[in-house]
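The values are calculated or read from the model by the stated rules, or taken from the named source; none is laboratory data. Computed from a prediction, not measured in an experiment: that's the story for all the values here. Here the Cβ positions follow ideal geometry from the backbone for every residue, glycine too, while neighbour counts run over all protein chains shown.
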């Protein structure tokens, strides 16, 4: 027969003071932790809303759609449709054609009045539009003599007006636009001559001058960044992985390798601008490589990314359980076989993650690129690789920096838009890292 | 020998060995009392001896159980294993010795009904005392893990054998002299034989002690007297 | 349930497979093994027992030069495998390890299929000419490891998905597949339950027909159950080496006695 002992004094139902103190401390710590997390989340939300708030509108753009009569007599004086001859007509000629078409259309619709001159009407169209029209005609000379529906970029101020950046009051003080022009634009919108739609030009187009924010795009910067990333991937990944495997699995433990290890850790902490100076001195001044080229940018970013990749790869290699190594060695696999058959495949997810994080870091890097001349204004797309690696190009983060340097407030929107594109790329890369890790991850 | 890391193991070993020592003491008393009852023709003491054998049998069972528990629960090895094994064997020997004492008591009650045979009971008592001393020394050698003392016990068995042989001849003479002595002498002879067997068991306990201490059974070279009978040969 | 009982196998051999003479092992400044002399007989299970840190695993790992992977480890003395010094400069440890296989404390199958686990050794050593031969080796190795019947229908399943005991037998199959002459086992049952342990022990006893087995174990009962010869290590010294029955009933050295009876000392 078993019996229940009676509780002598200290009931478990009553919390004693020590336990109370412990619980209170734990509750406090939880609150600190939650506060820290909340602060982080708030900061992120703030950052995203600010970037998205000002930047999303960069992906929408105001266009003027009018029929344009391409007068052969004006645009091809020789009449033989020879593109070389036709190229003599500059954008000024095309601007006149556009202005004429605009006035004609507005007159027909009865929108012109004494407050708006023909020049004012033409001023609604971006200064970039004649160049686009000219490129179109030079590419297709057979269009001459016909009337085409031309979709011209609207002037930055008009675009700003529809995005709420420009108001009637600010226009009254602005020498570039007048309230009358804005009223006209408003009416044109009502008639469907003017519309707001998705702005592919922002993503694919090249940068534009300070006076034409509406035409500024990221095409060259995206291409430049892409070229550099290819470079970093092709150079930094094999170099980094090879160096890590050697250091982790093969190198003897001595003072020299210790020194190398310390240096790699230190390199990871070196300010990136130092790499820029190095790139300028070694690759451009000493090596004679062209400025602003993705090749030099890629090399500098490779140097910058290497320590990150090496550190991540070594950590991944270290994380492979030694039992697997022992197992392979124990049945007579050589060291190389052990590493390549067992250790490397198991470390792959970690290596890939590290490499992609290193790449993402390189993608977002600005400072070293400023020093090697990638800050220059580049309107021409670099050629396809490999020649393209030597052509001048921009880079996304540098493009952001460039946009913010310009006076026209429309560039603030462009800069935020560029930041969004950059963030999307980084997000995509991180997503890729996660997917790869999930994919390759194996239990042992 | 130092202590076990697990002190409960030490307690178990000590407990079972204490039981053996206690059993040894009880059996020694039985031998002396049986011999005393025989010589003094004391029926009461003889009955007492017969009754007390029960307790000895019970104790042997307890020792066997404890030893089995020890082997099952503690997985003894080396000297511990030898303790567990020797305890079982020693308890078995002691139980047999107890049975012989009981048998002596039974026969002494029968002998009370018959005329006394001169001097023989005194000789039997001396023989019993010798065996009792052997048993005592065997148990002492067990307590003290004294292999030399155990070897001495072993050597002393020859004395008991000689005493038995002498008694055997004496009883033969009595029976030849007077056939009416035959029943009494037969009983006395069995008593002497029982005591002689007790000596063998004391020897076997001493051998267990030697095994326990040295890890090896002593070789079969102990001194022996030439046997008096053919069947004595067969029994050894 | 026959396979859980150790059946009596009489193997009479006195042929020495491995002879160690005056082996010293240093870990940096620590002298891990001092003057170890051991003769490992062919087709015999030899058990190394002793308290933690006594140098038994260290010595085991000298027998196939697994200690080479530790840079601070230094081995002196002579270890002869079939009368050839395995620490000779001419000996490549990779070749040695094909002859002296090893099974580890924790079951460590590769994160690959059961088939690939077993086939890996024969593949890298080029033991087979074609797939059929490889299949045959895989099957016979799994049979030797008493695992064939349990896994024959799922050879493509990952080896890591097996139970602990099965994983350990898979590791044994993997070691056996390269047809080694000596099999070293470093506490092969310490991570297994009693049933799996019994299965591995029975397996070890079967392996004795073809291999010389050396097993390091913390369980004295295991050493007593599976081995014919037992070596007791203490503080880096080989204290006692002899027939297992002798060691467990009547050891000659008081340190051995204290250790196997669980005494302070």
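Do we have any residue at all in region C:229-246 that's within 13 Å of another protein chain (Cβ to nearest Cβ), part of a helix (DSSP H, G or I) and surrounded by 18 or more Cβ atoms within 10 Å (Cβ to Cβ)?
Yes - at least one qualifying residue is present in region C:229-246.
Would you check which residues across region A:154-207 are in a strand (DSSP E or B) and within 24 Å of the chain's Cα centre (by Cα) and list them?
Passing the criteria: A:196, A:197, A:198.
Does region C:52-63 include one or more residues that are within 14 Å of chain A (Cβ to nearest Cβ), under 21 Å from residue A:327 (Cβ atoms) and without any contact (Cβ under 8 Å) to a residue 24 or more places away in the chain?
No; the residues of region C:52-63 include none that is within 14 Å of chain A (Cβ to nearest Cβ), under 21 Å from residue A:327 (Cβ atoms) and without any contact (Cβ under 8 Å) to a residue 24 or more places away in the chain.
So which residues in region C:161-196 are crowded, with 20+ Cβ neighbours inside 10 Å, part of a helix (DSSP H, G or I) and out of contact with any strand residue (DSSP E or B) (no Cβ under 6 Å at 6 or more places or on another chain)?
C:165, C:166, C:167, C:168, C:169, C:170, C:173, C:174, C:176, C:177
With the condition kept exactly as written, say whether any residue in region C:83-90 is surrounded by fewer than 22 Cβ atoms within 10 Å (Cβ to Cβ), part of a strand (DSSP E or B) and more than 11 Å from every other protein chain (Cβ to nearest Cβ).
There is at least one residue in region C:83-90 that is surrounded by fewer than 22 Cβ atoms within 10 Å (Cβ to Cβ), part of a strand (DSSP E or B) and more than 11 Å from every other protein chain (Cβ to nearest Cβ).
Okay, residues lined up against (1) surrounded by fewer than 18 Cβ atoms within 10 Å (Cβ to Cβ); (2) more than 14 Å from residue B:17 (Cβ to Cβ); (3) at pLDDT below 95:
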residue	(1), (2), (3)
B:72	yes, yes, yes
B:78	no, yes, yes
B:93	no, yes, no
B:100	no, yes, no
B:120	no, yes, yes
B:123	yes, yes, yes
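Do the conditions hold for residue B:65, that is, is it farther than 20 Å from residue B:207 by Cβ and either assigned to a helix (DSSP H, G or I) or more than 21 Å from the chain's Cα centre (by Cα) (or both)?
For residue B:65, the condition - farther than 20 Å from residue B:207 by Cβ and either assigned to a helix (DSSP H, G or I) or more than 21 Å from the chain's Cα centre (by Cα) (or both) - is met.
Listed residues B:75, B:86, B:79; which is within 14 Å of another protein chain (Cβ to nearest Cβ) and within 18 Å of the chain's Cα centre (by Cα)?
B:86
Quick check on residue C:199: is it within 14 Å of chain B (Cβ to nearest Cβ), assigned to a helix (DSSP H, G or I), at pLDDT below 90 and within 17 Å of the chain's Cα centre (by Cα)?
Considered against the rule, which asks whether it is within 14 Å of chain B (Cβ to nearest Cβ), assigned to a helix (DSSP H, G or I), at pLDDT below 90 and within 17 Å of the chain's Cα centre (by Cα), residue C:199 comes out as no.
Please verify whether residue A:90 is over 23 Å from residue A:209 (Cβ atoms) and either surrounded by fewer than 18 Cβ atoms within 10 Å (Cβ to Cβ) or touching a strand residue (DSSP E or B) at 6+ places or on another chain (Cβ under 6 Å) (or both), treating the condition exactly as stated.
no
Take residue A:385 and tell me if it is part of a loop (DSSP other than H, G, I, E, B) and over 18 Å from residue A:213 (Cβ atoms).
The answer is yes for residue A:385.
Residues that are within 14 Å of another protein chain (Cβ to nearest Cβ), at least 2 per element: which helices (runs of 4 or more DSSP H) completely within region A:281-372 meet that?
Ranges flagged: A:322-330, A:344-363.
Helices (runs of 4 or more DSSP H) wholly in region C:110-159 with at least 2 residues that are within 14 Å of chain A (Cβ to nearest Cβ) and out of contact with any strand residue (DSSP E or B) (no Cβ under 6 Å at 6 or more places or on another chain) - which ones?
C:114-124, C:131-144
On the basis of being within 28 Å of the chain's Cα centre (by Cα) and either within 14 Å of chain C (Cβ to nearest Cβ) or under 17 Å from residue A:395 (Cβ atoms) (or both), does residue A:226 make the cut?
Considered against the rule, which asks whether it is within 28 Å of the chain's Cα centre (by Cα) and either within 14 Å of chain C (Cβ to nearest Cβ) or under 17 Å from residue A:395 (Cβ atoms) (or both), residue A:226 comes out as yes.
How many residues does region A:224-251 contain that are farther than 30 Å from residue C:69 by Cα and buried (at least 24 other Cβ atoms within 10 Å of the Cβ)?
Qualifying residue count, region A:224-251: 5.
Does residue C:220 qualify as being at pLDDT below 90, in contact with a strand residue (DSSP E or B) (Cβ under 8 Å, 6 or more places away or on another chain) and either within 12 Å of chain A (Cβ to nearest Cβ) or over 21 Å from residue A:326 (Cβ atoms) (or both)?
Here the answer is yes, as residue C:220 does meet what is asked.
From B:102, B:51, which residue is free of Cβ contacts under 8 Å to residues at least 24 places away in the same chain and under 19 Å from the mean Cα position of the chain (by Cα)?
Only one candidate qualifies: B:51.
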